[in-house]
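Please read the structure below before turning to the comments.
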Amino acid sequence: DAKTTQPTSMDCAEGRAANLPCNHSTISGNEYVYWYRQIHSQGPQYIIHGLKNNETNEMASLIITEDRKSSTLILPHATLRDTAVYYCIVRVTSNTNAGKSTFGDGTTLTVKP
Amino acid sequence: EPEVTQTPSHQVTQMGQEVILRCVPISNHLYFYWYRQILGQKVEFLVSFYNNEISEKSEIFDDQFSVERPDGSNFTLKIRSTKLEDSAMYFCAGGTGFYEQYFGPGTRLTVT
């Protein structure tokens, strides 16, 4: 699976958009980009995933650059409860790799009042 | 909204003892996983399970570990002879397909 690089930490004001970047310059054509978050030692929480198109769900938006070498997770209106460690994971998704997610250090997002 | 549940929330055991950690995935999940997180370290993949057999396992998942889904609902992780270094949070996860995984709240295992 491709290696990802994320900033160690970020701050965001409550109510503002949080934009979390991820670099995955060695991504392969069959690798998806996944985002998870972990709030204070709880179980990781799935947020969103994508292959090459931008994706949006009720939690967030995922913007993937055209060359797929980087992506940005956008939380449109951050709240204090969004304070967490956010993980960007890149992995092949197939029946021979049905879930082996490799978690890195992630980005610690702190949402401030 | 259904959630993955895990029991117990905290297990304390003595070194050398066997422990069984239990997970109840969401009913329509077909793929099941165990991960662990040693305090202050990264979340680590242990094993994936599909169609009643192990799909993939990590180097951590040695002969001391086993998984099973005996009754079609519970998904268990057994550690036969616990070591001090097995102390960690153990997370179960499930999914309906190859994509997203839904994690449980974890079981904190403390080996003394």
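What follows draws every value from the coordinates through simple rules; no lab data is involved. Predicted, not measured: the structure shown is a model, and the values here were computed from it. So basically every Cβ, Gly included, is an ideal-geometry build from the backbone, and we count neighbours across all protein chains shown.
Candidates in the range B:10-35 are the residues that are within 14 Å of chain A (Cβ to nearest Cβ) and more than 24 Å from B:Leu84 (Cβ to Cβ); of these, the one that is surrounded by the most Cβ atoms within 10 Å (Cβ to Cβ) is B:Tyr33. Scanning the range A:33-45 for residues that are surrounded by fewer than 19 Cβ atoms within 10 Å (Cβ to Cβ) and either in contact (Cβ under 8 Å) with a residue 60 or more places away in the chain or not polar (S, T, N, Q) (or both) returns A:Ile39, A:His40. So, B:Lys42, is that one within 12 Å of another protein chain (Cβ to nearest Cβ), touching a Phe, Trp or Tyr at 6+ places or on another chain (Cβ under 6 Å) and free of Cβ contacts under 8 Å to residues at least 12 places away in the same chain or not? Yes. Note on the range A:20-32: among residues that are surrounded by 15 or more Cβ atoms within 10 Å (Cβ to Cβ) and away from chain B (no Cβ under 11 Å), the one that is nearest to A:Lys3 (Cα to Cα) is A:His24. If only residues of the range B:79-93 that are assigned to a strand (DSSP E or B) and over 21 Å from B:Tyr50 (Cβ atoms) are counted, the one that is farthest from the other protein chains (Cβ to nearest Cβ) is B:Ile79.
Here B:Thr76, B:Thr96 are screened, and the one residue that is among the hydroxyl-bearing types (Ser, Thr, Tyr), surrounded by fewer than 20 Cβ atoms within 10 Å (Cβ to Cβ), farther than 22 Å from B:Gln11 by Cα and more than 8 Å from chain A (Cβ to nearest Cβ) is B:Thr96. For the condition of a type in the set (Ser, Thr, Tyr) and either without any contact (Cβ under 8 Å) to a residue 40 or more places away in the chain or surrounded by fewer than 17 Cβ atoms within 10 Å (Cβ to Cβ) (or both), B:Tyr90 does not qualify. Being in contact (Cβ under 8 Å) with a residue 24 or more places away in the chain, of a type in the set (Gly, Ala, Ser) and within 14 Å of chain B (Cβ to nearest Cβ) is the filter here, so list the residues in the range A:56-112 that pass it. Matches in the range A:56-112: A:Ala60, A:Ala84, A:Ser94, A:Ser101, A:Gly104, A:Gly106.
Every test in (1) surrounded by 14 or more Cβ atoms within 10 Å (Cβ to Cβ); (2) β-branched (Val, Ile, Thr); (3) closer than 18 Å to A:Ser41 by Cα is passed by B:Ile38 save one, and that test is (1). Taking the range B:9-39 as the range and being over 30 Å from B:Phe98 (Cβ atoms), outside any strand (DSSP E or B) and of a type outside the set (Asp, Glu) as the test, the residues that pass are B:Gln14, B:Met15, B:Gly16, B:Gln17, B:Leu39.
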